[in-house]
Amino acid sequence: MSEVTHGLPDGAAEIELGDGLIDELADEAELLDADSSVLKPHAPTELDPSRPAILEADGLRMYFPVKSSGILRRTVAHVQAVDGVSFQVPAGGSLGLVGESGCGKSTTGRLITRLEKPTSGAIRFEGEDLAKLSKREMKPVRREVQMIFQDPYSSLNPRHTVGTIVGTPLQVHDVVPKKQVLSRVQELLEVVGLNPEHYNRYPNEFSGGQRQRIGIARALALQPKLLVADEPVSALDVSIQAQVINLLQDIQREFDVAFLFIAHDLAVVRHFCPEIAVMYLGKIVEIGDRESIYSAPRHPYTQALLSAVPDVRQASTGGRRERIRLEGDVPSPIDPPSGCRFRTRCPIAQEICAKHEPPLLQIGRRHKVACHFPGRLGQAPTEPLTARLLGVDAHGNPDAGASPSAEILEQRPGYADTWFDLDNKTFARA
Amino acid sequence: MSIPTTSTGVSSSNDGDQQEPFLVVDGLTVRFPTHDGLVQAVTDLSYSVRRGETLGIVGESGSGKSVSSMAVLGLHNPRQTRLNGSITVGGVEVVGASQHTLRSIRGNDVAMIFQDPLTALHPFYSIGSQIAEAYRVHHDVSKKQARERAIEMLARVGIPQPSRRVDDYPHQFSGGMRQRAMIAMALVNDPKLLIADEPTTALDVTVQAQILDLLQDLQREYNSAIVMITHDLGVIAEIADEVLVMYGGRAVEKGSTSEVLTHPEMPYTWGLLSSVPDVTADTTTRLLPIPGTPPSLLSPPPGCAFEPRCIHATAVPGDLCATTLPLLAPGRSAHHLKRCHLPDPDAIYEQFVIPEVAPEAGETR
Amino acid sequence: MLGYIVRRLVSAALVVVLTSMFLFLLFFKGPSDPARPLCDLNGKCTPEKLAILTEDLGLNDSVVHQYGIWAKGLVSDREIKFGATFTCEAPCLGISYRTRGEVRKELVEKLPATLSIAVGGATIYLVTGVLLGTIAARKRGTNMDRGLVAVSVFISAIPYYVVALLLWIFFSLQWKWFEDTSYHPLTEDPLAWAWALVLPWFAIGLTSSTAYARYSRGQMIEALGEDFVRTATAKGVSERAVVIRHALRAAIVPIITIFGLDFAFLLSGTVFTEQIFQIDGIGRWAIQSLRSPVDFPVVAATVLFAAIIVVVANLIVDILYSVIDPRVRLS
């Protein structure tokens, strides 16, 4: 009974680590369709801080020009879609990017996969800066960095068979001899829980969840080291979402793939990613490990976001719980607010917030926040904690007495060994 | 005009007993003949909603949740639809009603809000003119009066500077504002029933929270009945008094929200609860997806539609699940109905599901 | 918006200029000697006569020089030596080699006939096409819909000139209902104008409306399936208003696109119509000018006319877009 509960057939075949060859094929196609049952249940996705960063975004910027409507189409402004974003993704780990529409999370994903060329900043993948590579130079890197898209309906060419869709990257990059393409495709279909016999079917013969599996098989074909998943489950029905999330976790464990997991669903991201970055209007406002972001968020936006998520368990308590109501809409990224970009909707904003942009300050071993008044929900400090570091007084005016701390203010991806302890208002060391 | 009632929790179901249900759906069956055969979209569906009350209908795509509510307004093309059963709105029969009758109900007694406000609003007409049109269809007023009314409604749903924004086009509004405009349009004729089809699915969480708040405020103010169609049990928990779970075109579980979400008795509902992570769940465990895919509506299984995906079917003796359709019958209490053969669902729920869904809830019971 | 129109006008003018330049290049640098057939026209061609003609045609000068002279004529009067010396008033499009008349005057003379045929025919096929398409879309799947589609496919299978010829043979020759199909100016006798044009209009309208009916049907079916149409129905709007105000308004945008392209094509190519019904319009004139000896000034004028019509039609379609669709207007 209990094996069945966990969706596992007796004697589920295993996958050899590394080269992805399947030892034995499970017989029942039904079970393959049901869940990725050829894979073992995985260990939890936990952070392994000892692993080096496979990807490092450093001060990534993407400004899209806005043209005037006059006779000469001059560039009159820029959409600051992504503005100075820095983060690291450890090898075999996963970083979640969350935020609401227009926050720049999808653009960040498109920059990492170089579907767009960043305006400035660096994308270091295994030490190499992808931001500066030409299209031709990118080709070998594309094998290593693959993308999974949101919409399983529009991202697959309806006129190609599944075999062609999954096999094309193999041929383009010439990774297996022509004769072996088919058997490799079938292996991949099996890995993602599809019947390998179905390689000659067309995408429209599959359901939404199965199509997303095809998309995943295509992304896996070249054995990438990094997968950028842009809302990979949000177009799927809830019962199917869990199947796909489990599959992605299995793949991560078996093939040691790192994930940049972009999603608006905070619960899904929390489940999948041991580290999360929260974005608002093109900037990271808070980044940290799962515990810090979900249990001890220090940025008012993160707190508002978390309190807005509808919770099934309210049914037992009855009535609606209190939550932080954010008024109004996200401002335009063409003309973002001065200082802190969240201040126009922030319940605790003060004078300094309009004058100075808060630095992304490290406040824990693996926790950074960009706020002048970071604190627990309802216990935000009354004085800006960042004023001294910025060399200004509590109102944001220049203060001759204070000395700006360059070391703390330097915005670098990753975490330092020292940080600013919010409770003691002192520097702490690991 | 408004009778203040609390729209949340268990309490309002008591208020409701005093009045007749405004919407009664009885034995509704919807079939679509196609080239491939007869699509059995909705089968033998019954429910009722009183004014001031919110019914949540949960289900996945193809469960029949949207089809059944569109039937309330007679929105299906009669040439391509076979409709059976009865739907009464304020005592008026809708099934088989004339276009004239239907038009007098649409947008007047019953209004609808759709999932994606960008596609549900006409891109070529201003927000104000679309709201004014809805008003003028049911009220003999001048264009100017209708425009005033539109501005008034926009102000009511919290659009800043309504007299200026009234002339804006849908593409000039943000997603949340568009949905507010959509709600303004739905409420312009003071409807007694509001059908909201996934009204927040296309929106961000903070905007979703705003819209849910707005709907609740408006419901209190106008004492309207709300049918909330969603796939998100969290949304149901936030605003529904009663919940109806649909699968394969049929109701599979029905009861008060607090009852159904805390003591669900149908394995599909369990699956919905266990397959969705929540923001406080244990991340070290694996999600428990519902295996397989929803049934074909062209040739549904002869027994329970959920049987092919049900991991608990083995607890039922013989092949009852595969051969015999379970009745929608009372389980623990008379008001909590479920369509399942499991003899003792509570025991299985406590043994297998609670530890996965809400470990702490298991202790407090 | 204004900036957009100005930008479009500039690019439209550029297209016209490039077309005319290309035309000059073809005429003067083409493989055959344009003076030769002209020389043969009246009596025997002597070397002296050929030399004079070559000089008069400007074939001894560079193409650029010739183009300059021609282009200058558009803004100022011009003297043209061709046998005798002619004065050509600005805007001058040259002197017809065949009639020795001013090309511009001939163009202005023939324009109303062509314009009447095209505008009348286009109105008929647009209105009937969209109307039938809308009806078919609304009655989708019924016998009426199937009948309309079948008839439209049948008619489109018959070549246009066959339809025109049949109409002319029966209605004009045999039954003599519309015996005189030559052009009567609208300002002189509107009834005669319309009566003479009935057959050409019908010929164009009948054949093209079938394509429009099918295209409109497709667009309308798509529009009727849109969410905002469902919203309108859910508001209680009457079916007629839903179809016309909501669905058709959305479906008309792509129809207008096609219509704009078609209209330019129609106007610059009423050749068959004018030929069959013997109407003295620009199409017929263009055909005559291409017969040997090539009447270059007329060719240049007709091609230029066609180019201008094409770019103007496109411009009008784009402006119509922004009138219909606020997303275009306000972006």
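Going by the conditions given, is B:Gln208 within 11 Å of chain A (Cβ to nearest Cβ), surrounded by fewer than 20 Cβ atoms within 10 Å (Cβ to Cβ) and in a helix (DSSP H, G or I)? When the stated conditions are applied, B:Gln208 does not pass them. When C:Val198, C:Val271, C:Val242 are checked against the criterion of being over 21 Å from C:Ile124 (Cβ atoms) and either open to solvent by less than 30 Å² (accessible area, probe 1.4 Å) or β-branched (Val, Ile, Thr) (or both), C:Val242 stands alone in meeting it.
Checking the structure you have, find out if any residue of the stretch B:262-280 is assigned to a helix (DSSP H, G or I), open to solvent by less than 40 Å² (accessible area, probe 1.4 Å), in contact with a strand residue (DSSP E or B) (Cβ under 9 Å, 6 or more places away or on another chain) and facing another protein chain (nearest Cβ under 10 Å). Checked against the condition, which is being assigned to a helix (DSSP H, G or I), open to solvent by less than 40 Å² (accessible area, probe 1.4 Å), in contact with a strand residue (DSSP E or B) (Cβ under 9 Å, 6 or more places away or on another chain) and facing another protein chain (nearest Cβ under 10 Å), the stretch B:262-280 yields at least one hit. Among (1) over 30 Å from A:Arg345 (Cα atoms); (2) open to solvent by 10 Å² or more (accessible area, probe 1.4 Å); (3) among the charged types (D, E, K, R); (4) within 12 Å of chain A (Cβ to nearest Cβ), which single condition is B:Asp241 missing? In the conditions (1) over 30 Å from A:Arg345 (Cα atoms); (2) open to solvent by 10 Å² or more (accessible area, probe 1.4 Å); (3) among the charged types (D, E, K, R); (4) within 12 Å of chain A (Cβ to nearest Cβ), B:Asp241 misses (2) alone. Residues in the stretch A:105-138 that are of a type in the set (A, V, I, L, M) and over 19 Å from the mean Cα position of the chain (by Cα) were compared, and the one that is surrounded by the fewest Cβ atoms within 10 Å (Cβ to Cβ) is A:Met138. A:Ile334 falls short on exactly one of the conditions (1) closer than 27 Å to A:His78 by Cβ; (2) in contact with a Lys or Arg (Cβ under 9 Å, 6 or more places away or on another chain); (3) of a type in the set (A, V, I, L, M, F, W, C), and that condition is (2).
Of the residues in the stretch C:139-148, not one is of a type in the set (Val, Ile, Thr), open to solvent by less than 80 Å² (accessible area, probe 1.4 Å) and touching a helix residue (DSSP H, G or I) at 6+ places or on another chain (Cβ under 7 Å). Please determine, by comparing only the residues of the stretch C:1-45 that are of a type in the set (Lys, Arg) and assigned to a helix (DSSP H, G or I), which one is nearest to the other protein chains (Cβ to nearest Cβ). Only one residue fits best here, namely C:Arg7.
Would you be able to say whether some residue in the stretch B:223-231 is assigned to a helix (DSSP H, G or I), open to solvent by 10 Å² or more (accessible area, probe 1.4 Å), within 13 Å of chain A (Cβ to nearest Cβ) and closer than 22 Å to A:Leu236 by Cβ? No, that holds for no residue. Within the stretch C:89-105, the only residue that satisfies the criterion of being open to solvent by less than 30 Å² (accessible area, probe 1.4 Å) and in a helix (DSSP H, G or I) is C:Val103. Within the stretch C:248-279, the residues that satisfy the criterion of being outside any helix (DSSP H, G or I) and either under 30 Å from C:Gly225 (Cα atoms) or out of contact with any Ser or Thr (no Cβ under 7 Å at 6 or more places or on another chain) (or both) are C:Ser268, C:Gly269. For the stretch A:241-257, the condition of being open to solvent by less than 10 Å² (accessible area, probe 1.4 Å), at pLDDT 90 or above and farther than 24 Å from B:Pro289 by Cβ holds for none of the residues. Return the residues of the stretch B:13-72 that are among the aliphatic types (A, V, I, L, M), open to solvent by 10 Å² or more (accessible area, probe 1.4 Å) and within 14 Å of another protein chain (Cβ to nearest Cβ); say none if nothing qualifies. Correct list: B:Val67, B:Met70. Scanning the stretch A:169-197 for residues that are closer than 30 Å to B:Pro291 by Cβ, in contact (Cβ under 8 Å) with a residue 40 or more places away in the chain and open to solvent by 10 Å² or more (accessible area, probe 1.4 Å) yields A:Pro169, A:Glu187, A:Asn195, A:Pro196, A:Glu197. Tell me yes or no: at least one residue of the stretch B:127-144 is open to solvent by less than 10 Å² (accessible area, probe 1.4 Å) and facing chain C (nearest Cβ under 9 Å). Yes, the stretch B:127-144 contains a residue that is open to solvent by less than 10 Å² (accessible area, probe 1.4 Å) and facing chain C (nearest Cβ under 9 Å).
Scanning the stretch C:280-291 for residues that are free of Cβ contacts under 8 Å to residues at least 60 places away in the same chain and not in a helix (DSSP H, G or I) returns a single hit, C:Arg291. Of all residues in the stretch A:210-229, those that are crowded, with 24+ Cβ neighbours inside 10 Å and more than 10 Å from A:Leu194 (Cα to Cα) total 9. Looking at (1) facing chain B (nearest Cβ under 10 Å); (2) open to solvent by 40 Å² or more (accessible area, probe 1.4 Å); (3) at pLDDT below 90, which is the only condition A:Asp311 fails? Every condition holds for A:Asp311 apart from (2). Can you confirm whether the stretch B:92-115 contains a residue that is assigned to a loop (DSSP other than H, G, I, E, B), under 19 Å from C:Gly225 (Cβ atoms) and within 13 Å of chain C (Cβ to nearest Cβ)? Yes.
Of all residues being in contact with a helix residue (DSSP H, G or I) (Cβ under 6 Å, 6 or more places away or on another chain) and either among the small types (Gly, Ala, Ser) or loosely packed, with under 13 Cβ neighbours inside 10 Å (or both) in the stretch C:1-30, which is nearest to C:Ile308 (Cα to Cα)? Just the residue, please. For the stretch C:1-30, the residue satisfying everything is C:Ala12. Any idea which of (1) surrounded by 24 or more Cβ atoms within 10 Å (Cβ to Cβ); (2) over 30 Å from A:Leu236 (Cβ atoms) is the one B:Met182 doesn't satisfy? For B:Met182, the failing item is (2).
Can you tell me which residue among A:Glu286, A:Glu205 is open to solvent by less than 10 Å² (accessible area, probe 1.4 Å) and of a type in the set (Asp, Glu)? Within the list A:Glu286, A:Glu205, the selection yields A:Glu286.
No other residue among A:Ser338, A:Ser332 is among the polar types (S, T, N, Q), part of a loop (DSSP other than H, G, I, E, B), within 13 Å of another protein chain (Cβ to nearest Cβ) and surrounded by fewer than 23 Cβ atoms within 10 Å (Cβ to Cβ) apart from A:Ser332.
Selection of first residues in the stretch B:144-169 that are in a helix (DSSP H, G or I) and of second residues that are of a type in the set (Ser, Thr, Tyr) and open to solvent by less than 50 Å² (accessible area, probe 1.4 Å), restricted to Cβ pairs under 6 Å at least 6 apart or on distinct chains, gives the following pairs, ordered by first then second residue: B:Ala146/B:Tyr135; B:Arg149/B:Tyr135.
Annotation: of all residues in the stretch B:76-91 being open to solvent by 10 Å² or more (accessible area, probe 1.4 Å) and farther than 20 Å from B:Leu38 by Cβ, the one that is nearest to the other protein chains (Cβ to nearest Cβ) is B:Gly90.
The residue that is nearest to C:Ala122 (Cα to Cα), among those in the stretch C:292-331 that are small (Gly, Ala, Ser) and assigned to a helix (DSSP H, G or I), is C:Ala313.
Would the stretch A:99-113 turn up any residue that is at pLDDT 90 or above, in a loop (DSSP other than H, G, I, E, B) and more than 14 Å from every other protein chain (Cβ to nearest Cβ)? The answer is yes, given that some residue of the stretch A:99-113 is at pLDDT 90 or above, in a loop (DSSP other than H, G, I, E, B) and more than 14 Å from every other protein chain (Cβ to nearest Cβ).
The values are calculated or read from the model by the stated rules, or taken from the named source; none is laboratory data. Please read all numbers here as calculations on a predicted model, not as lab measurements. Please note: Cβ atoms are built from the backbone with ideal geometry, for glycine as well, and neighbour counts cover all protein chains shown. Each accessible area value is taken on the protein alone, full model and side chains, heavy atoms only, with ligands, DNA and RNA left out. Shrake-Rupley method; radii C 1.70, N 1.55, O 1.52, S 1.80 Å.
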